[in-house]
Each structure stands twice: as C-alpha cells, then as structure tokens.
Amino acid sequence: MPLATSKRIAKIAFTGSTSTGRVIAQAAANSLIPATLELGGKSPNIFFSDIADQDDDFFDKATEGLVLFAFNQGEVCTCPSRAIIHESIYDQFMSRVLERVAAINQGNPLDVATMMGAQASKEQLEKIKSYLDLGRQEGAKVLIGGSQAQLPGELAGGYYVQPTLFLGHNRMRIFQEEIFGPVLAVTTFKTEEQALQIANDTLYGNPRNFRVN
C-alpha cells in the first residue's frame, strides 16, 4: 500500500489476489498513478471433439497442453486450472492425460530429471491440501493424485503435492476458487454454448466483478 500511495512512484504493477488488487487500484487512482493488475483466475481450457479425430501430433499437443496444469507446480497464473472436455472424447482423452500425468517425475528441482518440484512455501502447501480435502467433501472424484507427495531421503517432509485431477461440476469451490497449485478441475460439456457458459461462469469470468467504485 505505501507504494500505491507514494508520490515518488510513476506507475505500479501488482500481481496477487482480486481483493488486494481492488485496494491497490483504488489507492493508485486516488494518487493518479497508472496501475496494471494481474489478479486471480480459474483458467478454462476447452477441448472439442475434433482434437481426437486422429491420434496424431495435434492430439498429443492437446494432451500436453492440459498437463501444463502441473507446470512449475501449478504456481503460474496461466496454468490450466479447469479442463472442459467434450463428453464424446472424455474417456479417450482422459486415458492419455492420466498416463502422461502418472509419468511426471517429482523430486529435487536441481536434478535435471525432475519434472515437478516443491510448492513455494508451507503456507501454500497447506492451502492446496485444504482444497484437496474440500474436493472430496464436495463429492468430486479423484482421477489421480489427491494427497501430499511423500518423497524419500532428504526430500521427506518437503512441500510436495501429487499432481491431482478432480472430476466434478463447475459449481464446486474447487472449480470456482483459485488454488494456485498442481490441481486440475475437470468437467464435460455437450455443446459449444454450454462450454462457453461453463468457462465464463466464475468470479473471474465476469468483468462486472472488477469495477473499482
């Protein structure tokens, strides 16, 4: 907040939660400081049936794109956090996806063989674990993962989370709230209109929620 109100600052850029972003934007506006905000999100990735027309490089890239939910332990704003898959290809696509997720090698981030390291902090680990518990409480089906990862040796007790996929519906909190970890919420759709409705049906998908009064 001191930065957003300082007369020495010509511009402020903020990355963080939506609630804090509103406060920063208001403070910057009061001080007439230009501000750019990168706030929370629930990145929807829509997979139409034609990705599976052929078992080719395109289908493989679609699989790879979905598995990016675990990139940098899911601690990237653009990581997929919701997968919206056409019901006609769900079984075929998910079979390939789960095979790819199961092959993710977790370990020491300094090891070149490691594909996924530890979460940034204990606080973030506990937040993710609370959402793993919440997903089960909401009735979502765990497709893979779902727990803190227990690694051997010197990594035992580290802030590791298994890459996790939940199958559920878009009204669940695991679909609506930003987890910022290697957790993907999966659902299916029948029509393009339904897919777009699901994709936009979050706090982050409604621009009216971001007005600064």
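The values are calculated or read from the model by the stated rules, or taken from the named source; none is laboratory data. Being a predicted model, the structure only gives us computed values, none of them experimental. Backbone-built Cβ (ideal geometry, glycine too); neighbour counts: all protein chains shown. With ligands, DNA and RNA removed, areas are computed over all heavy atoms of the protein, side chains included. Shrake-Rupley method; radii C 1.70, N 1.55, O 1.52, S 1.80 Å.
Quick grid of which residues meet (1) touching a Leu at 6+ places or on another chain (Cβ under 7 Å); (2) at pLDDT below 95; (3) open to solvent by less than 80 Å² (accessible area, probe 1.4 Å):
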site: ILE9; (1), (2), (3): yes, yes, yes
site: ASP50; (1), (2), (3): no, no, no
site: GLU64; (1), (2), (3): no, no, yes
site: GLU75; (1), (2), (3): no, yes, yes
site: ILE84; (1), (2), (3): no, no, yes
site: ASP91; (1), (2), (3): no, no, no
site: GLY107; (1), (2), (3): yes, no, yes
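Look at region 185-197: where a residue is over 11 Å from ASN170 (Cα atoms) and open to solvent by 70 Å² or more (accessible area, probe 1.4 Å) and a partner is modelled with pLDDT of 95 or more and in a strand (DSSP E or B), sitting 6+ places away or on another chain with Cβ atoms under 8 Å, you get LYS190/HIS86; LEU196/ILE46. In summary, VAL23 fulfils each of the numbered conditions (1) surrounded by 14 or more Cβ atoms within 10 Å (Cβ to Cβ); (2) assigned to a loop (DSSP other than H, G, I, E, B) with the single exception of condition (2). Put simply, of GLY145, GLY153 the only residue that is at positive phi, open to solvent by 20 Å² or more (accessible area, probe 1.4 Å), touching a strand residue (DSSP E or B) at 6+ places or on another chain (Cβ under 8 Å) and not aliphatic (A, V, I, L, M) is GLY145. Can you tell me which residue among PHE58, PHE71 is surrounded by fewer than 18 Cβ atoms within 10 Å (Cβ to Cβ), free of Cβ contacts under 8 Å to residues at least 12 places away in the same chain and touching a Cys at 6+ places or on another chain (Cβ under 7 Å)? It is PHE71. For ARG96, the stated conditions do not hold, so it cannot be described as charged (D, E, K, R), surrounded by 15 or more Cβ atoms within 10 Å (Cβ to Cβ), under 18 Å from the mean Cα position of the chain (by Cα) and at pLDDT 95 or above. Annotation note: Cβ proximity below 7 Å between a residue of region 35-53 that is closer than 30 Å to SER6 by Cβ and a residue that is open to solvent by 70 Å² or more (accessible area, probe 1.4 Å) and part of a strand (DSSP E or B) (sequence gap 6+ or interchain) occurs for THR36/ALA13; GLU38/THR15.
Put simply, of ILE51, ILE46, ILE33, ILE128 the only residue that is of a type in the set (Val, Ile, Thr) and in a strand (DSSP E or B) is ILE46. Looking only at region 35-48, residues that are modelled with pLDDT under 90 and open to solvent by 60 Å² or more (accessible area, probe 1.4 Å) come to 3 in all. Considering ALA113, ALA102, the condition of being farther than 27 Å from THR18 by Cβ, open to solvent by 50 Å² or more (accessible area, probe 1.4 Å) and free of Cβ contacts under 8 Å to residues at least 40 places away in the same chain is satisfied by ALA113 alone. Only residues that are open to solvent by 60 Å² or more (accessible area, probe 1.4 Å) and in a loop (DSSP other than H, G, I, E, B) were counted across region 116-125, and they come to 1.
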